[in-house]
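Asker: Got a structure for you, questions after.
The values are calculated or read from the model by the stated rules, or taken from the named source; none is laboratory data. Since the structure is predicted, the reported quantities are computational estimates derived from the model, not experimental observations. All Cβ positions, even for glycine, are placed from backbone atoms using ideal geometry, and neighbour counts span all protein chains on display. The area values use the complete protein model at the heavy-atom level, side chains included, leaving out ligands, DNA and RNA. Shrake-Rupley method; radii C 1.70, N 1.55, O 1.52, S 1.80 Å.
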Amino acid sequence: MLIRSHTGASASPLEPLAHGGDLAAARQMFPDAPEPFIDLSTGINPHPYPVPELSSALFERLPDRAHVRRLAAVAAQCYGAPSAGHVLPAPGTQILLPQVAMLVPPGRAAILRTTYAEHRRAALLAGHTVTEVSRADQLRAADLAIVVNPNNPDGRIVDRTMLLEIADEVRPRGGLLIVDESFADVAPPGASLAGDTGRGNIVVLRSFGKFYGLAGLRLGFALAAPSVIERLDAMLGPWAVAGPALFIGERALADSAWRLQTLTRLTEEAARLDGMLANTGLDVVGGTSLYRLTRSSGAKQLFAQLGRAGILVRRFSEEPTWLRWGLPRSENEWRRLADALPGRK
């Protein structure tokens, strides 16, 4: 059984794509692996934000529109958007992908590869023809230009100046630049285009669940000009984000102390993982502090070796020498990973 890469192209836009975190598939592939399985196949922070005590009213009543506006204001401040009017909370960034792709009439979509394949599927669903390009400057001819920044899985960052030039290039023909900043919480300062969304033809997507380690909460944000936010809001309809997600999101995004501590912790743990992988002889070729990417001629064999030890990492059908590694969540998981890796140099 093959766990397909989420960066592989789908045969049909209606065909679901495989993603990280599919432990059921891993258990089928490695039925004799020890439990519990260690899931290193996602880029989600293994040290989640502590969930506060929740009032039962959050589950009993429809979400309050005023609470949505409060969360938008906190998110604008956290992410650097011009105002709360430039922010739309949503039930995860995933649901926004086809909505954003439909903001421009069907035309030419170009995606900077190799990256998250759901963007391709969303563009196809919106009626665009899709091309995957290898250089950022090749996005200039598109009606819908899509960049994941930092990129998943290699952590590539496209310079902000280049992205703004692309936005300017596509604007005269009504084009749109989508910048998926799902991992921008751990990007270098100044990389985000959140502050530039007032230009009108830039949509920035921000994930909450990845950095805050609460992927199951299903919370994300679109950052764009207010007129674009109004269109997306109408597409989503009322009560799109659940009350508990609004409450936890507002609390977490305002917690700057936790954010700074977590950035330091993730940086230290990514360096620890780099050292462990390098000592094993693996070539660490990129990533962010939430995930690392290695290249090895023996990636297929190593994936299987880890799987038999009850450890799941990400492999890539179109890049068979790549493996992506998330961070272990405990010292026990670090020890199990060290024991499962081949003999060190």
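Asker: So for the chain: antiparallel DSSP bridges make up what percent, rounded to the nearest 5?
Answerer: Antiparallel bridges: around 50 percent, rounded to the nearest 5.
Asker: In whole percent, how big is the carbon plus sulfur part of the accessible area of the stretch 241-345, probe 1.4 Å, protein atoms only?
Answerer: Carbon with sulfur: 49 percent of the solvent-accessible area.
Asker: Just to be sure I understand the model, the point goes 7 Å from the Cα along the line to the Cβ. What's the resulting Arg251 to Asp274 distance in nm?
Answerer: Here the answer is 3.5 nm between the modelled labels.
Asker: What is the set of long-range amide H partners of Asp255 at a cut-off below 5 Å, with H atoms built 1.01 Å from backbone N?
Answerer: Sorted by chain and number, the residues that satisfy this come to none at all.
Asker: Tell me, what is the per residue accessible area of the stretch 104-220 in Å², probe radius 1.4 Å?
Answerer: For the stretch 104-220, the solvent-accessible area averages 34 Å² per residue.
Asker: Read phi for every residue in the stretch 28-39 and hand back ³J(HN,Hα) as whole Hz from Karplus 6.51 cos²θ - 1.76 cosθ + 1.60, θ = phi - 60°, with x for Gly and Pro.
Answerer: My calculation for the stretch 28-39 gives 5, 6, 10, x, 9, 5, x, 10, x, 5, 9, 9 Hz in order.
Asker: Right, here's the next one. With +1 assigned to the C-beta of every Lys and Arg and -1 to the C-beta of every Asp and Glu, and no other charges, what is the dipole magnitude of the chain about the Cα centre in debye, to the nearest 20?
Answerer: I would put it at about 280 debye.
Asker: Once each part is reduced to its C-alpha centroid, what is the distance from the stretch 279-301 to the stretch 28-80 in angstrom?
Answerer: Answer, in whole Å: 28.
Asker: What percent do you get for the relative contact order of the chain when only Cα pairs under 8 Å and 6+ apart count?
Answerer: Details: 674 pairs, mean separation 83.2, N = 345.
With pairs under 8 Å counted, the relative contact order is 24 percent.
Asker: Then there is this: Sort out for me the Cα centre separation of the stretch 105-159 from the stretch 193-219, rounded to whole Å.
Answerer: After rounding, the separation between the Cα centres reads 17 Å.
Asker: If I model a spin label at Ile95 and Glu165 as a point 7 Å from the Cα along the Cα→Cβ vector, what separation in nanometres do I get?
Answerer: A separation of 3.8 nm, rounded to one decimal place.
Asker: Hey, what did the stretch 97-218 get for relative contact order, percent, Cα under 8 Å, at least 6 apart? Write out the running numbers ahead of the final one.
Answerer: Values: 222 pairs, mean separation 25.9, N = 122.
The normalised contact order for the stretch 97-218 reaches 21 percent.
Asker: For Ser134 and Glu53, FRET efficiency with R0 = 35 Å and r from the beta-carbon atoms, rounded to 0.05?
Answerer: For Glu53 and Ser134, the calculated efficiency is 0.10.
Asker: Separate question: Output ³J(HN,Hα) for the stretch 164-174: one whole-Hz value per residue in order, computed from phi by the Karplus curve 6.51 cos²θ - 1.76 cosθ + 1.60 with θ = phi - 60°, and x for Gly and Pro.
Answerer: Residue by residue, the stretch 164-174 yields 5, 5, 5, 4, 5, 5, 8, 4, x, 9, x Hz.
Asker: Please turn the phi angles of the stretch 98-112 into ³J(HN,Hα) values with the Karplus equation 6.51 cos²θ - 1.76 cosθ + 1.60 (θ = phi - 60°), one per residue in order, whole Hz, x for glycine and proline.
Answerer: x, 5, 5, 4, 8, 5, 10, x, x, x, 9, 9, 10, 10, 6
Asker: Within 10 Å, at most 13 other Cβ atoms, and a DSSP state outside H, G, I, E, B define an exposed site. Report the longest part of the chain free of exposed GluC sites (Glu not before Pro).
Answerer: 54-317
Asker: Determine the dipole magnitude for the stretch 99-204: charges of +1 sit on the beta-carbon of Lys and Arg, -1 on that of Asp and Glu, nothing else is charged, the reference point is the Cα centre, and the result goes in debye to the nearest 20.
Answerer: The dipole of the stretch 99-204 has a size of about 300 debye.
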